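A short write-up of the structure that comes next.
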Amino acid sequence: MDTDHKIAISPYLKLIGVKLEEAEYPRARISLQWRKDLINPMGTLHGGVISSLVDAVLGCALLSKKEVKGIATLELKVNYLNPVTYGTVVAEGEIIHQKGLMAYGQAFIYCEKRLVAVGSNTNKLTLEK
């Protein structure tokens, strides 16, 4: 399976407007343009969108590794630091530890170069045989 096919943006991520900027194991970067249809009642980017970015950027990093065939998120954590009310949101992620079928990564979410959230996740991997 070729890497570009494995890390193609999913229909959900396309729906919210995520763009893959780069992915080369153990790192990846994706972006999203703030839009009114992605806000919560307070007028800020919905926390679910931010958590999706954490999960997606770390998934892209993992799927850029040749022998990783598939992934399943086992745990996801996000700390929200600042609201997002405009601009381009960038998620940068890195896989910190991988052993066997488990991987752990951390992500940093920025808007206009301001840190707005940090997150992590644990994934179960399916490897090529």
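Overview of results
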| read-out | value |
| --- | --- |
| Most mobile of Leu115, Leu81, Leu13 in a GNM of the chain (Cα contacts under 10 Å) | Leu81 |
| Sequence of Asp55, Asp37 once ranked by neighbouring C-beta atoms within 10 Å, starting from the fewest | Asp37, Asp55 |
| Highest to lowest packing among 19-26, 88-95, scored as the average C-beta count within 10 Å | 88-95, 19-26 |
| Magnitude of the charge dipole, the chain, Cβ model with Lys/Arg +1 and Asp/Glu -1, debye to 20 | 120 debye |
| Lysine pair count for the chain [Cα-Cα under 12 Å; pairs on different chains or 8 or more apart] | 7 |
| Helical mean residue ellipticity (222 nm; -39500 (n - 2.57) per DSSP H run of 4+; nearest 500) of the chain | -6000 deg cm²/dmol |
| 10 Å-binned pair-distance histogram of the range 3-127 (Cα, whole percent) | 15, 48, 29, 8, 0 |
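Throughout, read-outs are computed from the coordinates displayed, never taken from laboratory work. Computed from a predicted model, the values in this text were never measured in an experiment. Heads up, the Cβs are rebuilt from the backbone with ideal geometry, glycines too, and the neighbour counts pull from every protein chain shown.
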